[in-house]
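Every number in this text was worked out from the coordinates using simple rules, so none of it is lab data. Source: prediction; values computed, not measured. Here the Cβ positions follow ideal geometry from the backbone for every residue, glycine too, while neighbour counts run over all protein chains shown.
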Amino acid sequence: MTAVPLGATIPVGAGRDAAAPTAYEGALGGPIVDRFGRVHRDLRVSLTDRCSLRCTYCMPEQGNEWLARESILSVDEIVRVARVAAANGISTFRLTGGEPLLRRDIAEVVGRLAELRTPDGPVRIAMTTNGIRLGDHLPDLIDAGLHRLNISIDTLDRERFRDLTRRDRLADVLEGIEAAARSGLKPLKLNTVAMRGVNEDEIVPLVEYAASLGAQLRFIEQMPLDAGHTWRRESMVTREEILSALATRWRLDPIPGRGGAPAETWLLDGGPASVGVIASVTAPFCGDCDRMRLTADGQIRNCLFSNDEYDLVPRLRGGGSDDDIERVLRAAIAGKLPGHAINDPSFLQPERGMNAIGG
Ligand code: SAM
Ligand code: SF4
């Protein structure tokens, strides 16, 4: 792809990763199953690549290449894709970004998605957010039909937070988390990316904070998905290190029945409080993956780490039918590999950062 100057917007339709063929000759209808028998039930919908923070592991401080505004899907376009997905068995839609709460029409997105049905029943709507201004939005989001919330918090220290996110907004995030804890949305989950020399000494305090609010903290191993391509294996805190730190404070009893969930979970001292670890790098869970992704500019991705994108825009904006959209979804899943290759020396980090893929 041709180089784009720093700070420029990406031209409409110019997805940053490779366009993959969207022709699909197989049968339509029924669950979306890949070549390895994995049935897909979960669509992560990125609503924007913009964000109110600049977390170092996700976005560069400056010079981000924003998606062109006109390339961002409208509510009607998102709902259309989601309706086709739901008709084919996708039952969970997780709204993410970038920061999903930056979309002015966020309550409308939630409300219209929450009305969808799969052949087996209603869908579930979840959101991953940094929590900023969540308290203002929550009543409308809950009225609209939001079911689940994950909120990201990497430190409880104001200066550290400012260094890590390049914004002095810890108080706003805590306010959002506490508003969520007071609301009826359960279970509330908090996400923390563990980083060496940054927040590894907060593993126990963060879990205590979450537990005090009745929430579950989940540690995520840092993945090579930062827009600045600065990920180093040595600075990643591993699942084993996280568990060792937790074991200094609690007895950890594994909770069985993980299914396709990315997190392994443990009860703390017999419960009810619990903790999770998402070990995408050192203990990948690709064999049970049931997820696919829709980027804010209308690309289907079959894996966070894939370099292929399956472009829905010509169908959405060029008079394509619902069957054409379904063919793109199925082509994407037909092209899914058995697992990611982060641990392979030949691994090539996706061009897009996490904020533009949708975490
Ligand atoms: N802005 C929202 C937030 O931060 O929750 C939603 C988007 S964010 C990309 C979704 C999740 O991805 C967050 O929990 C964030 O911590 C995580 N994330 C971002 N970059 C990551 C990376 N390089 N490795 C692991 N997790 C990452
Ligand atoms: Fe924004 Fe979330 Fe990325 Fe942090 S992790 S910069 S809050 S999109």
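Miscellaneous remarks
- 17 Å tail of the calculated P(r), region 232-278, as % of Cα pairs: 36
- Amide H contacts for ALA273 (H built 1.01 Å from N in the peptide plane; partners 5 or more residues away or on another chain; cut-off under 5 Å): LEU268.
- Our coupling estimate for region 146-154, obtained by passing each phi through the Karplus curve with A = 6.51, B = -1.76, C = 1.60 and θ = phi - 60°, is 5, 9, 9, 10, 10, 10, 9, 8, 9 Hz, Gly and Pro reported as x.
- Within region 2-357, DSSP assigns beta bridges of which about 30% are antiparallel (rounded to the nearest 5).
- Helix 75-87 and the longest principal axis of the C-alpha atoms of the chain enclose an angle of approximately 90°.
- Once backbone amide H atoms are built at 1.01 Å from N, LEU95 has VAL45, ALA126, MET127, THR128 as its partners under 5 Å, excluding neighbours fewer than 5 places away on the same chain.
- 5 angstrom amide H check on LEU190, placed H, neighbours 5+ away: ILE151, GLN216, LEU217, ARG218
- Protection proxy ranking of 283-295, 46-58 - average other beta-carbon atoms within 10 Å, highest first: 46-58, 283-295
- Ranked by the mean number of other Cβ atoms within 10 Å of their residues, highest first, the peptides 137-143, 92-98 come out as 92-98, 137-143.
- Principal-axis analysis of the Cα atoms of the chain puts helix 170-182 at an angle of about 80° to the longest axis.
- By the count of other C-beta atoms within 10 Å, a proxy for reagent exposure, THR265, THR165 are ordered fewest to most as THR265, THR165.
- Taking ARG41, ARG232 and counting other C-beta atoms within 10 Å, the order from fewest to most: ARG232, ARG41
- Residue-wise HN-Hα couplings along region 115-131, as the Karplus relation 6.51 cos²θ - 1.76 cosθ + 1.60 with θ = phi - 60° gives them from phi, are 7, 6, 9, 8, x, 9, x, x, 8, 10, 10, 10, 9, 10, 9, 7, x Hz; Gly and Pro carry x.
- Overall form of the chain per C-alpha gyration tensor (a/c, 1.5; a/b vs b/c): rounded
- In sequence order, region 219-234 has phi-based couplings of 8, 10, 5, 5, 10, x, 9, 7, 4, x, 6, 9, 4, 10, 3, 5 Hz under the Karplus curve 6.51 cos²θ - 1.76 cosθ + 1.60, θ = phi - 60°, and Gly or Pro positions carry x.
- Distance from the alpha carbon centroid of region 69-100 to that of region 126-179 works out to 22 angstrom.
- Prolate/oblate/rounded label for region 179-293 (Cα gyration tensor, a/c 1.5): rounded
- Neighbourhood net charge (15 Å Cβ-Cβ; Lys/Arg +1, Asp/Glu -1) for GLU264: -1
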